[in-house]
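This report refers to the structure that appears directly beneath it.
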Amino acid sequence: MQNILKIFVAFGITLALTACARSLHPFFTEKDIVFNESLLGVWTNDSGEICKFTKSGDDHYELLFVGEEPVRFEARLINLGGVTFLDLYPKLPSKYIDLDPASFVPAHTLARMAIGKDSISIAIMDGDWLKQLSDQHRLDLAHERLYLANEGFTSDTVVLTAPTQELQAFALKHADSKEAFGEAEVFYRLRSDK
C-alpha cells in the first residue's frame, strides 16, 4: 500500500515528492494536546507496513514508521473542537547530520485520527487538494507554492504559512471532507506498549 508511504516520507526533497500537505507552523497549541495511552504500541496495515508509537516527554509521542526505510516523527495527538488529529513533525536521521541542516526544512503534517481498541485509522491532509484550491484561487490560508526541479524531477507543492489559529480553523472546516483528507489508512494492533 503506497498511500501510507506517501503519508510518512521524511522531509526536505523527499517531502516535496509526496502528496501530503505541509505547514511551517504547528496545527496545535499546548492546550490542544491530548495523550491517549491506547495509542502506544506497534501497529501494522494489510501491506505489512509498521507504525510504532512510544511515549516521548509528558504529552507526546515518537512515531517510527517502517516502510521501505524507517522514518521517525515527533507526534502530537490533538483535539480541535471534538475532532482528533495527529500533528507530525519529522526527526532528522543521523545519516544526514553531516549535511547542512539549512538544506532541510522540516514541516508539520496533519492527519485526521481515529483510535479504536485494536485499530487506528490515519487520513493525511491531501497536498494535491491544496494545490487545486490554490490553482482555483480558493485556498483561503497564507501559503507558498514551491516549484522544484532537479535532474529530471519536477515538483509543484503548497506549503502552508498561516499561523496556528488559522490552520486549526481550516482543519476543522474541512475535517469531514473526503477531498481534504481522503481515505484513511487502517492499522491493526500487533503489540501494546502500555
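What follows draws every value from the coordinates through simple rules; no lab data is involved. Bear in mind the structure is a predicted one, so any value in this text is a computation, not a measurement. No Cβ is skipped: glycine too gets one built from the backbone with ideal geometry, and neighbour counts run over all protein chains shown.
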### Total formal charge among the other residues, if their Cβ is under 12 angstrom from that of SER134, Lys/Arg +1 and Asp/Glu -1
-2
### Query
Spin-label point model (7 Å from Cα, Cβ direction): what's the ILE33 to SER192 distance in nm?
2.5 nm
### Query
What list of ³J(HN,Hα) values in whole Hz, one per residue of the range 44-52 in order, does the Karplus curve 6.51 cos²θ - 1.76 cosθ + 1.60 (θ = phi - 60°) give from phi, with Gly and Pro shown as x?
9, 9, 5, 8, x, 6, 10, 10, 10
### Query
Given H placed on each backbone N at 1.01 Å, which residues far from ALA19 in sequence or on other chains put an amide H within less than 5 Å of it?
none
## Note on the structure
In nm, the gap between the two label points placed 7 Å beyond Cα toward Cβ at GLU62 and ASN79 is 2.7 nm
### Query
Taking amide hydrogens as modeled 1.01 Å from N in the peptide plane, which residues meet the under 5 Å criterion relative to SER119, leaving out close sequence neighbours?
ARG189
### Query
What nm distance separates the two modelled labels at SER155 and SER177, each placed 7 Å from Cα along Cα→Cβ?
2.3 nm
### Message
If I stretch the segment between THR44 and ALA114 completely, what's the gain in nm (0.36 nm per residue apart, minus their alpha carbon distance), one decimal?
### Response
23.7 nm
#### Entry: Protection proxy ranking of 121-128, 155-162 - average other beta-carbon atoms within 10 Å, highest first
121-128, 155-162
### Summary
Burial-style ranking of 132-142, 163-173, average other-beta-carbon count within 10 Å with highest first, yields 163-173, 132-142
